[in-house]
Amino acid sequence: MQLVQLLVSGAAQGCIYGLIALGFVLIYKATETVSFAQGDLMMVGAFIGLACMAFAGFPFWLAVPASIVAMAAVGFGVERIVIRPILGEPAFSIVMLTIGIGYVSRGLITMIPGIGTKTHALPVPYKDIAFHLGGLVLAAEQLVIIGVTAALCAVLYAMFRYTRAGIAMQAASQNQLAAYYMGIPVKRLNAMVWALAAMVAAVAGLLLAPITFVHANMGLIGLKAFPAAVVGGFGSLPGAIVGGLVIGIVESLAGFYLPEGVKDIAAYVVVLVMLMVRPNGLFGESLRKKV
Amino acid sequence: MRFIFKTSYDQDIDLAKHGGHRFWYGLLVVLLVAATWTVPEYWLSQLTFILIYGIAGLGLMLLAGYTGLFSLGHAAFLGVGAYTEGVLAAQGWPFPLSLACAMGLSAAVGVVVGLPALRVKGIYLGIATLAFGFIVEEGLARWESVTGGNAGFHLKAIDLFGWKVASAESFYLLCLVLAVAATLAMLNLLRSPTGRAFVAIRDSEISAQSMGIHLARTKSLSFALSAALAGMAGALYAHKLNFISPDQFNILQSIDLLLMVVIGGLGSVHGAFLGAAFLIAMPQLISLGKDWLPPAIGQAAGLQGVVYGSVLIAFVMFEPMGLYGRWLKIRTWLQLMPFYRKGMFKRQKSFQKSDRLK
C-alpha cells in the first residue's frame, strides 16, 4: 500500500514534469530549438491565474480559460518580438535567447511591488479534498493533474497526427527551406507553436499552483523537465509524458527508499544513464546523419 | 590602412601580426602590472575577479567557441578545482603542486563528462552537462567529511614555497601571471594542428572526420583542456574568496559563464576577457544606475535579472559576435575610414536545417 501511495504521488509530480516537457517537445518538434524559458512561462501563467482569481475576482471556471488565452498572447508576442528576427540562426543562439527571456520574465515578476517577492496560494475549488480508497489516500489535486495531462496529451497527439497545421509543423521542423518551397507559412506556424507551448505552460502552472504555491522561482522546476523530455525522446509527445512519469516515480521512490539528497539528483542520474544507453530516448526516432 | 607583406610561414603564424599588436598588448601588460600599485584596493579586487573569470571563460571558449560543444555545467569544473585546491592547501601542499592537482582532477572529470559527447550532440550534450553539474553540486554538499557540506569551507592563504601570498596586491599579480600564461598557451594551442582540429570539428564533424581527425580523442581533449582551465580558475576563485560553499557552483554560475562567453563573442580569445569584464562591471553599473531610476524600479529585487536578460537578448539579436564583434566593426571602420560600406557585416539570410535529418 505504501508503494502504491508513492507511485501515485510520483505519477502526479511526473505529470507536471511531463506537461513542461510537452512544451519543450512542441517547440522542438516544430522549430528544432529548445526553449529554456518554458519553466518561466509556466510561472507567468500561474501568476496570471492568480491575478485573475485573487485580484480580479474571477470564478475558477473563468480564470482558467482567461489565463490560458492570456498566455497564448504572451507566447505569440514573445515569438513575434524576439524569436522571429533571428529565425534560421543556429540553435545555440535561440537557446541563449530563451535563457534571456527566462531571466527577464523572472525579473519582471519579482519587480511587481508587493506581489512578486511573496509566495501565494491559488484558491482552487478542489483544494483539500481527498478520497480514501481502501487505505490509499488520493488527493484531488493529484487526480486532476493526472486526468488533465492525459487529456491534453491525447489532443496534442491527435493534432500533430491528423491536422494540416500539425503535419505542416513537422515538415517545417525537418527542413525550413523545403517547407517554404512547399508553400508552408513557416513564420506563422512558429508563432502558433509558441502560443501553443505557452498555453500548455499555463495549464501546467495552474495545475502545479495548488501543490507548490505560486512564487517567482517556481519556474526552476523546468530544469527537471529536461530529463523528462530526454528520457522520452526529445521529439515525441507521448514520450514527454512517459519520461515525466518515469522521472517523477523514480524521484518519489528514491526519496523514500534511498538516503537523503539522492531524491534531488535522481532525475539527473536517470538522464545520464539514458544518454549513455539510448541517446534517442524511449520513443525518439533514431536517424543516422548522412553526408 | 595597413598592408602586411608576408615573406615566410613563420610570419603567418606569428602571435603578434605587426608592430601595432606588439605595442598595444605590451602597453596593456604594463598598465595591468602598474595597476597593482596605483589602483585602489576595491577596484584591484574587481580586476582580480575579471582575470579569474577570464581564465574560466578561456576554458569555456575553447569548448563552446572553438570546438562547438556547449556545456551547461561548467561551474561544476570550477567547483572541482576550488575544492581540490582547498583540501590540498589545508593539508599544507605548496601552491604550484596543489594547483596542478586541481587542474588535473578537473581535467580527469572533464574527460568523464566528455564521454557522452562522443555519442550525443547539440542540446543533448547541453542536458548531459547540466545533469552532471547538478550531481557535482549535490555531491559537494553531501560529502561532508571532505567538503564541509553546505556550511562551507575556509581556505588558508597561498603558500608559494614559504612565501605567503596574503596581500591583495600579490594575489593580483599571481592571477595576472597565470592569466597571461593561460592566454598565451591558448593562442599557441589554437595555431597548432590540435587547435585547427577543434575548429574543424566545430565547422563540420563529417568533413573533419574525413580529413583524418580522430573525433573521440579530439573532443575528449577539448573537454579535458577546458575543464583544466576552469579548474585553475576555480582554485584562484577559492583563494580570492577565502570561503567556498556548494551553492557558489550551481546552475546560475554555469549560466553566468555561458552568458559571459556569448556576450564577449563566441570564437575569440578576446571575448573571454571582454565577457568577464562585462560580467563583473554589470552589477556595478546597475548599482550606479539605481540612483537615477525612480525608487519603485531602482530598488526592486528583480532589476538585475531583467537587465542581464535584456542585454543577453539584445546581443543575440543584434550583435551575435558579441563585444569582440562590435570592436572588430569599429576597428574596420577606422581602418577603412572613408571607404566603409554600411552592409559590410550584414548577416546573410539563413534557413535552419534539422540536426535530425540531413
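The values are calculated or read from the model by the stated rules, or taken from the named source; none is laboratory data. This is a predicted model, so every value here is computed, not measured. As a convention, Cβ positions derive from the backbone with ideal geometry for all residues, glycine included, and neighbour counts pool all protein chains shown.
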Hey, does the stretch A:45-59 have a residue that's buried (at least 20 other Cβ atoms within 10 Å of the Cβ), within 14 Å of residue A:226 (Cβ to Cβ) and either within 14 Å of another protein chain (Cβ to nearest Cβ) or at pLDDT below 85 (or both)? no
Only one of B:63, B:58, B:88 is in a helix (DSSP H, G or I), within 16 Å of the chain's Cα centre (by Cα), away from chain A (no Cβ under 13 Å) and modelled with pLDDT of 80 or more. Can you tell me which? B:58
Looking only at the stretch A:118-165, count every residue that is in contact with a Lys or Arg (Cβ under 9 Å, 6 or more places away or on another chain) and assigned to a helix (DSSP H, G or I) and tell me the total. 3
When the stretch B:255-290 is examined, which residues are found to be outside any helix (DSSP H, G or I) and surrounded by 22 or more Cβ atoms within 10 Å (Cβ to Cβ)? B:265, B:266, B:268
Taking the stretch A:161-211 and keeping residues under 20 Å from residue A:18 (Cα atoms), of a type in the set (A, V, I, L, M, F, W, C) and surrounded by fewer than 18 Cβ atoms within 10 Å (Cβ to Cβ) leaves A:211
Out of all the residues in the stretch A:98-112, is one or more within 14 Å of chain B (Cβ to nearest Cβ), over 30 Å from residue B:70 (Cα atoms), of a type outside the set (Val, Ile, Thr) and surrounded by fewer than 23 Cβ atoms within 10 Å (Cβ to Cβ)? yes
Within the stretch B:222-254, the residues that are among the hydroxyl-bearing types (Ser, Thr, Tyr) and not in a helix (DSSP H, G or I) are B:245
How many residues are surrounded by fewer than 16 Cβ atoms within 10 Å (Cβ to Cβ) and outside any helix (DSSP H, G or I) when one looks only at the stretch B:21-55? 1
Taking the options B:160, B:140, name whichever one is within 14 Å of chain A (Cβ to nearest Cβ) and touching a helix residue (DSSP H, G or I) at 6+ places or on another chain (Cβ under 8 Å). B:140
Identity of the residue in the stretch B:291-327, in a loop (DSSP other than H, G, I, E, B) and at the interface with another protein chain (Cβ under 8 Å from one of its Cβ atoms), that ends up modelled with the lowest pLDDT: B:300
Filter the stretch B:1-20 down to residues that are in contact with a Lys or Arg (Cβ under 9 Å, 6 or more places away or on another chain), more than 23 Å from residue B:193 (Cβ to Cβ) and in a loop (DSSP other than H, G, I, E, B), then give me how many there are. 2
